[in-house]
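The values are calculated or read from the model by the stated rules, or taken from the named source; none is laboratory data. What you see is a predicted model, and the numbers here were worked out from it, not measured in a lab. Don't worry about glycine lacking a Cβ; one is built from the backbone with ideal geometry, like all the others, and counts go over all protein chains shown. Note: accessible area is taken over every heavy atom of the protein model, side chains too, but ligands, DNA and RNA are not part of it. Shrake-Rupley method; radii C 1.70, N 1.55, O 1.52, S 1.80 Å.
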Amino acid sequence: MDLSKRDEHLRELMDDPDCDPQRLHATLRRFGLVNKMVSGWGTIYRIRLKELLIGLGRPARVLDLGSGGGDVIAHLAALTRRDGLQVEWTGADPDPRAHDVASRTHVPGSTFLCADADELLAQGQAFDLVISNHVLHHLEPEELTRFTEASRQLATTAVLHNDIRRSRLAYSLYNVGIAPLAAGTFLRVDGLRSIRRSYQVAELSAALGDDWTVSAPAAFRLLAQGPGRA
Ligand SMILES: C[S@@+](CC[C@H](N)C(=O)[O-])C[C@H]1O[C@@H](n2cnc3c(N)ncnc32)[C@H](O)[C@@H]1O
């Protein structure tokens, strides 16, 4: 497997609007477990998000853009509750199938909207912080620019986009590790395609431009941080 270049032409099964709805539902539900294992939000919360939330000095409003089944909000809400931080969480995803799963999560202090970034902007929405998980690598170049620009316009303080960092080791470990969790889902095929579509630090930095700082906060992870401009 050649992972020296991004395979930007690969399509993920879950991005097909006609994909098997049962498998998609099972995939979205199982993201909860898989994201906890691979997405590094525990580390990103500890080294970056927590200080941004405390720095506000008041209850925060945080948007998860492309929130899928809502599991990242569920995880982060548990961390902020543990630390006594008050956060009003909003998840937004334009896919009604994802919205349906997220709407059933019942995380205290959270709301899920079936909308994309542009719709939220048109509604005049604004948040202290905007985050995303595993969205950037799905997007075509023009979509990436539009999505990241919209995310800044929706945030008054900062934006954190968390995604996979492509490497041969990430691919090999995921290929083995996902086997016990993948039955009845798109997790194996789409996870491996996601790794092949994902960026390395310099690539994402070049794609996003000077306003963004791209770092590698944890194993196999990329974090793009930009200033809000709502
Ligand atoms: C791989 S899923 C990630 C879901 C979730 N963040 C997670 O990590 O489990 C990517 C999600 O991004 C959403 N998405 C794509 N373009 C978007 C946009 N412009 N605004 C908001 N969400 C978007 C898709 O509908 C999809 O649910």
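With (1) over 18 Å from L52 (Cα atoms); (2) touching a helix residue (DSSP H, G or I) at 6+ places or on another chain (Cβ under 6 Å); (3) touching a residue at least 24 places away in the same chain (Cβ under 8 Å) as the list, and P217 as the residue in question, which single condition is left unmet?
(1)
Quick check on my filter: what residues within the stretch 171-213 are over 30 Å from R229 (Cα atoms), more than 16 Å from the ligand (Cβ to nearest atom) and either without any contact (Cβ under 8 Å) to a residue 12 or more places away in the chain or assigned to a helix (DSSP H, G or I) (or both)?
Y171, S172, L173, N175, V176, G177, A179, P180, A183, listed by residue number.
I need the full set of residues from the stretch 61-88 which are touching a Gly at 6+ places or on another chain (Cβ under 8 Å), open to solvent by less than 50 Å² (accessible area, probe 1.4 Å) and farther than 28 Å from Q22 by Cβ, in order please.
L63, L79, V87
One residue is enough: does the stretch 34-41 have a residue meeting the conditions exposed (fewer than 13 other Cβ atoms within 10 Å of the Cβ) and outside any helix (DSSP H, G or I)?
There is no residue in the stretch 34-41 that is exposed (fewer than 13 other Cβ atoms within 10 Å of the Cβ) and outside any helix (DSSP H, G or I).
Which of the residues belonging to the stretch 86-134 are among the β-branched types (V, I, T) and touching a residue at least 40 places away in the same chain (Cβ under 8 Å)?
V101, V130, I131
Could you list, in sequence order, all residues of the stretch 83-106 that are away from the ligand (no atom under 14 Å from the Cβ), modelled with pLDDT of 95 or more and either part of a loop (DSSP other than H, G, I, E, B) or more than 18 Å from I131 (Cβ to Cβ) (or both)?
Once the filter is applied, which keeps residues that are away from the ligand (no atom under 14 Å from the Cβ), modelled with pLDDT of 95 or more and either part of a loop (DSSP other than H, G, I, E, B) or more than 18 Å from I131 (Cβ to Cβ) (or both), the stretch 83-106 yields D83, G84, L85, Q86.
Do you know which of the residues in the stretch 110-166 that are farther than 23 Å from G191 by Cβ and in a loop (DSSP other than H, G, I, E, B) is nearest to the ligand (Cβ to nearest atom)?
Ranking the qualifying residues of the stretch 110-166, first place goes to D116.
Please find, within the stretch 49-60, the residue that is least open to solvent (accessible area, probe 1.4 Å) out of those that are more than 16 Å from the ligand (Cβ to nearest atom) and within 17 Å of N162 (Cβ to Cβ).
Top of the filtered list is L53.
Every residue, every condition in (1) closer than 25 Å to Q22 by Cβ; (2) surrounded by fewer than 21 Cβ atoms within 10 Å (Cβ to Cβ), yes or no:
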site: E149; (1), (2): no, yes
site: A158; (1), (2): no, yes
site: N162; (1), (2): no, no
site: T185; (1), (2): yes, no
site: G191; (1), (2): yes, no
site: S215; (1), (2): no, yes
site: A218; (1), (2): no, yes
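Would it be correct to say that L28 is aliphatic (A, V, I, L, M) and not in a helix (DSSP H, G or I)?
no
Report, by residue number, each residue of the stretch 6-17 that is within 13 Å of H137 (Cα to Cα) and open to solvent by 60 Å² or more (accessible area, probe 1.4 Å).
Result: E8, H9, R11, D15.
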